[in-house]
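Asks: Quick one: structure below, then a few questions.
Throughout, read-outs are computed from the coordinates displayed, never taken from laboratory work. Note that the coordinates shown come from a computational prediction; the quantities given were computed from them, not determined experimentally. Ideal geometry is used to build each Cβ from the backbone, glycine not excepted, and the neighbour counts take in all protein chains shown.
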Amino acid sequence: MNSRKKRNPSTKATFLAKVTFVLFFTLPLILSCQQGKTPLADMQAEAEEGYAMYTKDVNLMVSDSGMTQYHLEAKAWYIYDQGEEAHWFFPKGFRAEKIDTLKHPLATLIADTAYYYTNKSSWLFIGHVKVKNLAGDTFFAKSLTWNSESRMVSSEDSVTVVSPDRTLSGTSFRATQDFSQYLFLNNRGEANISEEEFEADKSEESPN
């Protein structure tokens with residue numbers, strides 16, 4: 001079993017927690033922007049059925065403590081608010097960034113698809129998941145689950161961590177929600193992967 005611990009974890013709300021907070025409190029704004037537009041029933045009804053809300057081309061710059069600190073992007077956002085599995089659905093990509101004053105990314109989360117289960121306070125990210133934490137470590141995964149109640153991130157799929165001094169790969173991955181501490185319950189040791197190889201693999205799998 002291997003574990004990585006980083007110094008100086010952030011004392012503010014963690015990146016993932018802030019993403020959820022931002023989306024919750026920008027929802028009324030997005031709903032108001034939908035007024036006067038084509039009814040939801042006529043908007044891409046063939047893509048998804050039974051949703052309470054649909055919006056596209058979400059691109060938010062969000063301020064915290066008087067400064068713009070977060071950038072959120074999603075090509076499509078569906079909200080299903082009924083039943084035990086009430087959730088948000090981002091089927092065409094999800095990107096969230098913590099940015100500096102010059103709008104350069106400090107921490108990033110990218111996935112092909114994302115779900116947020118509102119009753120469980122849990123995120124599921126699927127497909128070419130890439131996370132860069134504030135320490136500069138980069139995490140590559142097929143899927144990641146984040147539970148805000150336990151404040152833990154996990155994956156049973158293969159995960160690769162690229163840090164300045166080494167590269168690790170394994171399964172049964174566990175991490176704190178700011179990715180400052182992590183471990184593999186099943187570590188496969190050193191792995192050779194570069195960001196260029198990851199992006200090339202993503203391009204090959206993308207539909208034309």
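Asks: Can you give the FRET efficiency for A135 and T171, using 1/(1 + (r/R0)^6), R0 = 22 Å, r = Cβ-Cβ distance, to the nearest 0.05?
Replies: Working: r = 22 Å, r/R0 = 1.02.
The value I calculate is 0.45.
Asks: Which length gain, in nm to one decimal place, applies between M53 and K142 when the Cα-Cα distance is subtracted from 0.36 nm times their residue separation? Present the calculation step by step, with values, prior to reporting the outcome.
Replies: On the way: separation 89, 0.36 × 89 = 32.04 nm, distance 2.77 nm.
Length gained, M53 through K142: 29.3 nm.
Asks: Same structure, new question: When only alpha-carbon atoms are used, what values of Rg and Dmax, in angstrom, describe region 48-137?
Replies: Gyration radius and largest Cα-Cα distance of region 48-137: 14.2, 42 Å.
Asks: Compute the whole-percent fraction of alpha carbon pairs in region 84-193 spaced more than 24 Å apart. Intermediate results must be reported in sequence, preceding the final value.
Replies: Working: 1374 of 5995 pairs.
Here the tail beyond 24 Å accounts for 23 percent of pairs.
Asks: Which FRET efficiency, nearest 0.05, do E85 and M61 yield, Cβ-Cβ r, R0 30 Å?
Replies: On the way: r = 31 Å, r/R0 = 1.03.
It comes to 0.45.
Asks: Have a look at region 88-140 and give its Rg and Dmax from the Cα atoms, expressed in angstrom.
Replies: Cα radius of gyration and Dmax of region 88-140 are 12.2, 36 Å respectively.
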